Amino acid sequence: MQKNAWNWRITTPNGHQITGGGAAVDARAAVALAMAAPAGIGLTLAHGIEQSDLVEMPGASDVRRLVTAKGCEIHVERADIAAASAPSLWHYTAGHKLPLIQEACALRPNGAKIAPNERPVVWFSADAVYEPTAIKLVQMPGQAKLRRPSVAELHEMVGVFRFAIDRMDARLAAWPSIHRKARISATGVANMLRAGLEIGAKPMNWFGALEEIPLADVRFEAWTGQQWGAARIDASIEQFRDKMDLVRSISAAAYGPAGIKQAWQAGAHA
């Protein structure tokens, strides 16, 4: 079988990276190539990694693969075509967050509600539709209890957006490596897993970075109500502000449980 040139990158649990390359017939063979290199052998001996320990992460294709084991990561990608077909991960957010993101000119690690010894993380997801954990509990107009709105409701209220980044970006780490690097406690991890699974999230879709990601390094997209499409962040912020001005001009509470959606529709037809 024909061999192609492959690049590999090994990341240790403390974030140290070693790169290399060689010829292999496919992605699986490229992983074996990386593990057979001096750096791979050292990784195996230092952490007691066996073949059965390797877990394949989302985003694998004919031109790239990521496997993890005991906090270590091995990325491989075919050198000739990987860059042109690089898959993405997404940081999902809502319209009211856009002004702060634009002001910072970056996606910054979120330090809110974390334990004193933890490190803040910029979270990304391999879910190409929407990441369930990105939707937070809110008090809907006309309702006393907090609840989690649907993507459609969030789109109606404040708009739904995302920032795409290359899946192979060296600043990213996959779950569970990222929770180790962020020093999230065992209790914190258990709480994250329980809360995520309860709302249909898949923890193996979770990725994160411990440093801010400049907006120049990501692509901005908006949800139209039917699909994702390229957008401009300044135009999206202006649309969000126009929507908020309209909502504030009408008493959303007067429309009962339907709240902002009915207020928006009524204002649009006034």
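The values are calculated or read from the model by the stated rules, or taken from the named source; none is laboratory data. Just so it is clear, the model here is predicted, and its values are computed rather than measured. Only protein heavy atoms, including side chains, enter the accessible area calculation; ligands, DNA and RNA are left aside. Shrake-Rupley method; radii C 1.70, N 1.55, O 1.52, S 1.80 Å.
For residue 17 and residue 108, calculate 0.36 nm times their separation in residues minus their Cα-Cα distance, and state this gained length in nm to one decimal.
Computed gain between residue 17 and residue 108 is 30.5 nm.
With a ≥ b ≥ c the root eigenvalues of the C-alpha gyration tensor of the range 19-80, is it rounded (a/c under 1.5), prolate (a/b larger than b/c) or oblate?
oblate
Using a 1.4 angstrom probe on the protein heavy atoms only, line up 70, 202 by accessible area, largest first.
202, 70
Ignoring everything but the protein chains, give the 1.4 Å probe accessible area of residue 215 in square angstrom, nearest 10.
Approximately 40 Å² for this residue.
Would you mind calculating the gained length between residue 239 and residue 224 on full extension (0.36 nm times residue separation, minus the Cα-Cα distance), in nm to one decimal?
Between residue 239 and residue 224, full extension yields an extra 4.2 nm.
So how much accessible area does residue 93 have, in Å² to the nearest 10, using a 1.4 Å probe?
Approximately 10 Å² of residue 93 is accessible to the 1.4 Å probe.
Accessible area of residue 16, 1.4 Å probe, to the nearest 10 Å²?
Here the residue's solvent-accessible area equals roughly 110 Å².
Between residue 5 and residue 47, what is 0.36 nm times their sequence separation minus the Cα-Cα distance? Round to one decimal in nm.
Value of the extension gain: 12.3 nm.
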